[in-house]
């Protein structure tokens, strides 16, 4: 079997997995105490729910560009929220301490992984589209 055929499903599945890991971590942190933090708690729950939903959508066939953009947005939002919580604060909440909790490191890795996988996936789709264009212009059938 052609390895190009396997690349997109592999990247799609891996991106869904990293997104689900990020959602799981945020759900666990919500349960473990973030639910009591005004505004931040509900945002953790929203991030978890949207990550799980987007992970499922990524796994159902080839999702449209909008779903891939939303998945990247969820990962970027979580990364941005983490950075803001460690620097300027978010809705009056600021994380303190020199070393982040292990969940923070795992979440950062999952979100960065999601962005990397989605980027690679998009690049592979773009490459396939470009490869098919010359054949269409010349009136040749696309395989």
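Within this structure, residue 84 passes the test of being touching a strand residue (DSSP E or B) at 6+ places or on another chain (Cβ under 6 Å) and either assigned to a helix (DSSP H, G or I) or in contact (Cβ under 8 Å) with a residue 24 or more places away in the chain (or both). Among the residues of the stretch 27-49, those identified as modelled with pLDDT of 95 or more and buried (at least 19 other Cβ atoms within 10 Å of the Cβ) are 47, 48. Being closer than 22 Å to residue 121 by Cβ, outside any strand (DSSP E or B) and touching a helix residue (DSSP H, G or I) at 6+ places or on another chain (Cβ under 6 Å) is true of residue 72. The C-beta contact set for the stretch 3-27 (first residue at positive phi and free of Cβ contacts under 8 Å to residues at least 12 places away in the same chain, second residue surrounded by fewer than 23 Cβ atoms within 10 Å (Cβ to Cβ) and outside any helix (DSSP H, G or I), distance under 8 angstrom, 6+ apart or interchain) is empty. If you scan the stretch 53-72, which residues turn out to be closer than 13 Å to residue 22 by Cα and under 10 Å from the mean Cα position of the chain (by Cα)? Scanning the stretch 53-72 gives 54, 55, 71, 72.
Looking at the stretch 88-129, which of the residues that are part of a loop (DSSP other than H, G, I, E, B) and modelled with pLDDT of 85 or more is surrounded by the fewest Cβ atoms within 10 Å (Cβ to Cβ)? Show your work before the answer.
Let us first name the residues in the stretch 88-129 that are part of a loop (DSSP other than H, G, I, E, B), namely 88-89, 91-92, 94-101.
So of that shortlist, the ones also modelled with pLDDT of 85 or more come out as 88, 91.
On the way: 88: 8, 91: 12.
This residue is 88.
The one condition from (1) in contact with a helix residue (DSSP H, G or I) (Cβ under 9 Å, 6 or more places away or on another chain); (2) assigned to a helix (DSSP H, G or I); (3) more than 26 Å from residue 83 (Cβ to Cβ) that residue 63 does not meet is (2).
With respect to the conditions (1) part of a loop (DSSP other than H, G, I, E, B); (2) surrounded by 14 or more Cβ atoms within 10 Å (Cβ to Cβ), residue 52 lacks only one, and its number is (1). Restricting attention to the stretch 68-87, the residues being surrounded by 15 or more Cβ atoms within 10 Å (Cβ to Cβ) and under 17 Å from residue 46 (Cα atoms) number 11.
The values are calculated or read from the model by the stated rules, or taken from the named source; none is laboratory data. The structure displayed is predicted, hence computed values, not measured ones. Heads up, the Cβs are rebuilt from the backbone with ideal geometry, glycines too, and the neighbour counts pull from every protein chain shown.
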